[in-house]
Amino acid sequence: QVQLVESGGGLVQAGGSLRLSCAVSGRTFSRDVRGWFRQAPGKEREFVAVIWSGGNTDYADSVKGRFTISRDNAKNTVYLQMNSLKPEDTAVYYCAAGYAGRSYTSYNSYNYWGQGTQVTVSS
């Protein structure tokens, strides 16, 4: 059984920062690809960031230069540092594991998900 537990969400003013964490446990490779996605009300779940086992990363254009994804393989934990937050960043943020190939920006490419953590950015 694979479990992903996110934490660190909350309410912040525009321009502020938050750091999300996602602890992964269970039968998954500690060096598996890890992703962050988000879903705003009435919208589809969208890709935010991804990190590979070697540390390579990629980001959605909307968060490039503001968000940073990182990982601690020893703790099997992935982080998302979010700076210069904007109201349009408001969403439930999910971490993903169990990458099954295909497009890493598609939520259909991941087998395991956390419960999500709410991020609300006020203007």
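The values are calculated or read from the model by the stated rules, or taken from the named source; none is laboratory data. Note that the structure is predicted; figures quoted are calculated from it, not measured. Reconstructed Cβ throughout: ideal geometry from the backbone, glycine too, with neighbour counts over all protein chains shown. Keep in mind that these areas ignore ligands, DNA and RNA; they rest on the heavy atoms of the full protein, side chains included. Shrake-Rupley method; radii C 1.70, N 1.55, O 1.52, S 1.80 Å.
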Charged-residue dipole, Cβ positions (Lys, Arg, Asp, Glu), the chain about Cα centre, Debye nearest 20: 200
Once phi is turned into θ = phi - 60°, what whole-Hz ³J(HN,Hα) does the Karplus curve with 6.51, -1.76 and 1.60 give for every residue of region 91-106, x standing for Gly and Pro? 4, 8, 9, 10, 9, 9, 9, x, 4, 10, x, 6, 6, 6, 8, 9
How much length, in nm to one decimal, is gained on full extension between residue 17 and residue 105, taken as 0.36 nm per residue of separation minus their Cα-Cα distance? 29.3 nm
With all protein chains present, how much of the accessible area of region 19-70 (probe radius 1.4 Å) comes from carbon and sulfur, to the nearest whole percent? 45
Heavy-atom accessible area per residue - the chain, 1.4 Å, Å²: 51
Per residue, how big is the convex hull of the chain when only Cα atoms are used? Give it in Å³. 94
For region 109-115, Karplus-derived ³J(HN,Hα) couplings (6.51, -1.76, 1.60; θ = phi - 60°; whole Hz; x for glycine and proline) come out as 8, 10, 9, 10, 9, x, 7
